[in-house]
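Chemist: My structure is below; once you've seen it, I'll send some questions.
The values are calculated or read from the model by the stated rules, or taken from the named source; none is laboratory data. It should be emphasised that the depicted structure is a prediction, and the values quoted were computed from it without experimental measurement. No Cβ is skipped: glycine too gets one built from the backbone with ideal geometry, and neighbour counts run over all protein chains shown.
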Amino acid sequence: MSTRPLVIGNWKMNLDFVEGLHLVQQLGVLLKSHPLEHVEAVVAPPFVDLRTVSSILDAERLAVALGAQHVNANENGAHTGEISTSMLSRLNVTWVIVGHSERRTHYHMTDEIVRATSQSVLRAGLRAVLCVGETLAVRDADQHEAWVESQLRSALEGLDASLHPLVTVAYEPLWAIGTGVNASSEQVKEMTDFIRRVLTSLVSSAPQVLYGGSVTPTNAATLVGESGVDGFLVGGASLKAESFYAILRACDDCYALKR
Ligand code: PEP
């Protein structure tokens, strides 16, 4: 881990704005009583919670950044039900998750749409967390590296160099997301090393590479300590302040030990 660790909580379609407010308040109590020195924390609530969460982060002066789970690639116009990057920026959102496997699988987010969305996010000056990862069938066929490389190339090839520093990648194998079965430290290391190698041919910066898939307070310290990953994208375990804080703490401690 060469840079400060990054941990992003993806609340998915959970927690209304009142519940989100309570979670952030509880997280704030933990962060104030046991401050973290190194880790960069981000929460990505549902769109309708963003304003409330933004206000509480600001009022409590919490060192937690605000993320969105998705955005439309277009700037504005006739896209009923969609949200634009400028709307997110006005709400102090600085991070956007792009191409999460749930959007790719259930909402027809093709590689082309992922590319357009990444570009729109980056051109707006927001930081994109590009999600890549294979299904179990692809891994069983020993095609996981080719699969992930193709997702990376499709999203990032030819990207304007000025936008490279805004790119972060999350390796999220679909078989590990929400299943309770995390990838092993060896698998995470193998894939994050591979992703870093592919990225050297695509971007001039050295993007942080996160892992996501059933990360919990129980496995976080081992995963971050053994795999060399730069942090985590966390789903289920980000819905409780205590478990999200414990994962933040594991990354903070690991960075303090290793640097
Ligand atoms: C995710 O959805 O990005 C994720 C990693 O979920 P979980 O932590 O619940 O597996």
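Chemist: Pairs only if they're at least six apart or on different chains, beta carbon under 7 angstrom, first in the stretch 178-194 and over 18 Å from Gly235 (Cα atoms) and away from the ligand (no atom under 15 Å from the Cβ), second among the hydroxyl-bearing types (Ser, Thr, Tyr) and part of a helix (DSSP H, G or I); list them, first residue then second.
Modeler: Pairs that qualify, where the first residue is over 18 Å from Gly235 (Cα atoms) and away from the ligand (no atom under 15 Å from the Cβ) and the partner is among the hydroxyl-bearing types (Ser, Thr, Tyr) and part of a helix (DSSP H, G or I), are Ser185/Thr222; Ser185/Ser227; Lys189/Ser227.
Chemist: Collect the residues in the stretch 221-235 that are within 15 Å of the ligand (Cβ to nearest atom) and among the hydrophobic types (A, V, I, L, M, F, W, C), keeping them in residue-number order.
Modeler: Across the stretch 221-235, the qualifying residues are Leu223, Val224, Val229, Phe232, Leu233, Val234.
Chemist: Filter the stretch 34-62 down to the residues that are closer than 18 Å to Val234 by Cβ, in a loop (DSSP other than H, G, I, E, B) and out of contact with any strand residue (DSSP E or B) (no Cβ under 7 Å at 6 or more places or on another chain) and list them by number.
Modeler: Selection gives Leu36, His38, Pro45, Pro46, Leu62.
Chemist: Let me ask something else. For the stretch 1-36, how many residues meet the condition of being among the β-branched types (Val, Ile, Thr), touching an Asp or Glu at 6+ places or on another chain (Cβ under 8 Å) and within 14 Å of the ligand (Cβ to nearest atom)?
Modeler: Residues that pass the stated criteria total 1.
Chemist: Quick check on my filter: what residues within the stretch 130-164 are exposed (fewer than 14 other Cβ atoms within 10 Å of the Cβ) and either within 27 Å of Thr94 (Cα to Cα) or touching a strand residue (DSSP E or B) at 6+ places or on another chain (Cβ under 8 Å) (or both)?
Modeler: Answer for the stretch 130-164, where residues must be exposed (fewer than 14 other Cβ atoms within 10 Å of the Cβ) and either within 27 Å of Thr94 (Cα to Cα) or touching a strand residue (DSSP E or B) at 6+ places or on another chain (Cβ under 8 Å) (or both): Glu157, Gly158, Asp160, Ala161, Ser162.
Chemist: Also, I was wondering about something else. Check whether at least one residue in the stretch 145-162 is modelled with pLDDT of 95 or more, closer than 30 Å to Gly20 by Cβ, part of a helix (DSSP H, G or I) and within 14 Å of the ligand (Cβ to nearest atom), and report yes or no.
Modeler: No.
Chemist: Looking only at residues that are under 17 Å from Val138 (Cβ atoms) and among the β-branched types (Val, Ile, Thr) in the stretch 195-216, which one is farthest from the ligand (Cβ to nearest atom)?
Modeler: Taking the candidates together, the pick is Val198.
Chemist: Only one residue in Val98, Val48, Val39 is touching an Asp or Glu at 6+ places or on another chain (Cβ under 6 Å) and of a type outside the set (Gly, Ala, Ser). Which one?
Modeler: Of the residues listed, the single one that is touching an Asp or Glu at 6+ places or on another chain (Cβ under 6 Å) and of a type outside the set (Gly, Ala, Ser) is Val39.
Chemist: Confirm whether Arg115 is at pLDDT 95 or above, within 16 Å of the ligand (Cβ to nearest atom), in a helix (DSSP H, G or I) and out of contact with any Lys or Arg (no Cβ under 8 Å at 6 or more places or on another chain).
Modeler: For Arg115, the condition - at pLDDT 95 or above, within 16 Å of the ligand (Cβ to nearest atom), in a helix (DSSP H, G or I) and out of contact with any Lys or Arg (no Cβ under 8 Å at 6 or more places or on another chain) - is not met.
Per-residue answers, yes or no, for (1) within 15 Å of Val7 (Cβ to Cβ); (2) surrounded by fewer than 17 Cβ atoms within 10 Å (Cβ to Cβ); (3) not hydrophobic (A, V, I, L, M, F, W, C):
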site	(1), (2), (3)
Glu190	no, yes, yes
Ser204	no, yes, yes
Gly212	yes, no, yes
Ala220	yes, no, no
Cys251	yes, no, no
Cys254	yes, no, no
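Chemist: Suppose the filter is within 15 Å of the ligand (Cβ to nearest atom), touching a residue at least 24 places away in the same chain (Cβ under 8 Å) and either not hydrophobic (A, V, I, L, M, F, W, C) or not in a helix (DSSP H, G or I) (or both); does Tyr255 pass it?
Modeler: So Tyr255 does not fit the description; no.
Chemist: For the subset of the stretch 92-107 comprising residues that are surrounded by fewer than 18 Cβ atoms within 10 Å (Cβ to Cβ) and farther than 16 Å from Met13 by Cβ, which member is nearest to the ligand (Cβ to nearest atom)?
Modeler: That would be Thr94.
Chemist: Would you please name the residue that is surrounded by the most Cβ atoms within 10 Å (Cβ to Cβ), looking only at residues in the stretch 165-185 that are in a helix (DSSP H, G or I) and not small (Gly, Ala, Ser)?
Modeler: Checking each candidate, the answer is Leu166.
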